[in-house]
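Computed from the coordinates by the stated procedures, all read-outs in this text should not be read as laboratory data. This is a predicted model, so every value here is computed, not measured. Every residue, glycine as well, gets a Cβ built from its backbone with ideal geometry; the counts of neighbours run over all protein chains shown.
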Amino acid sequence: MSETHKPAPREAEAMSDDGASDTPADAAAGDTDDRERNLSVLERYRPLVDDFEAFRAACARPLGYVVRVNPLKASVERVERAYREAGVAHERVEWHDRLLRVETDSPGTSWPYVHGWIYPQEEVSTLPVLALDPEPGETVLDTCAAPGSKTTQVAAAMDDRGTLVANDSNLGRLAPLRSNAQRLGVTNAIVTHRDARNLSLQPFAVDAFDRTLVDAPCSCEGTIRKNPDALTEWQRSYLDDVAELQRDILTRAVEVTREGGTVVYGTCTFAPEENEAVVDSVLRERDCRLVGVDLPLHTEPGVREWQGTEFDPSLDRAARVYPHHNDTGGFFCAKLEVTG
Ligand SMILES: C[S@@+](CC[C@H](N)C(=O)[O-])C[C@H]1O[C@@H](n2cnc3c(N)ncnc32)[C@H](O)[C@@H]1O
């Protein structure tokens, strides 16, 4: 198929000639067409995925709600009791001792949410912080932090001790970042509004960070189960544009992390242009090396070649998460050690 996917005009999908809404049946057929068109974007990954039909079928299935329990405020047992008392069905996620699957359409309107006991967060979204493995007392940078799911997870892993710089360049997203950190009882985080591509160390009075997380802006292909519109505006050219931004952010992340320190790069997309190609280019230009990512669910190695371009062989130490393997969203995660 062509790699440029233009969305059909919306008015042609939703409205009849006289401007009235379609019948529910027509709308459902439109939804199906939209979904099929969106899923067709994923065809380009057929050469990468082991069982492409299972992958595609998983991408078409909606994803349920998962919440991460915030140990700064509550135990898993306390949250389970609150859900039991509220009559909300829930179960533990096997591979992560602080995640619960919850049967609700609005995990953000419950008492556990209001108290800051939980953060609604997709299972795969917890992976980069597991890879980063921050420790209490360290100095940690979250380059692209808003609205704060990983910042609050990092703060919890640090037991709210040490210094966590939570940065984002989008002013409008800083308010939710701040309020999420406050709601979850995080006190060791400083929120900054900088472009991570040229973040200065000067305001922080440190020579370098111990660990840095790059949860990069991306084309979000792996979120299609949660957001069926994620691929509606997909354009091949966007991948190259965002890859340049990702490369610049990751480059700066390596520069501001101490020798021997850790940088984790993550995206919620499948595109090698935004994943292996970005890491490959930073490996070539900066003093760092890829180390293995040991994650507690089924992952596939990063790819070493894509559409005629070969990547550094160590890229197979990166981890790809496909939706059909663990019944999750999609994710990419790479862990770097700074060597100079
Ligand atoms: C995938 S989202 C981050 C999600 C967040 N880490 C979380 O877990 O809640 C990517 C973020 O990168 C931010 N961003 C985009 N370009 C940036 C830049 N040049 N510098 C810093 N942040 C940037 C966006 O505003 C967006 O909030």
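Using only alpha carbon pairs under 8 Å that are at least six residues apart, calculate the relative contact order of the stretch 123-338 and give it in whole percent.
21
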Exercise for review: Taking just the C-alpha trace of the chain, give me its Rg and Dmax in Å.
Suggested key: 20.6, 67
Review point. By average Cβ neighbour count within 10 Å, what is the ranking of 193-206, 267-280 from highest down?
Key: 267-280, 193-206
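Return the Rg/Rh value of the stretch 65-120, two decimal places, where both radii are evaluated on C-alpha atoms and Rh is the Kirkwood radius.
With Rg and the Kirkwood Rh in hand, the quotient comes to 0.90.
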Review point. Can you give the helix-only mean residue ellipticity at 222 nm for the chain, where every DSSP H stretch with n ≥ 4 adds -39500 (n - 2.57) and the sum goes over all residues, rounded to the nearest 500 deg cm²/dmol?
Key: -9000 deg cm²/dmol
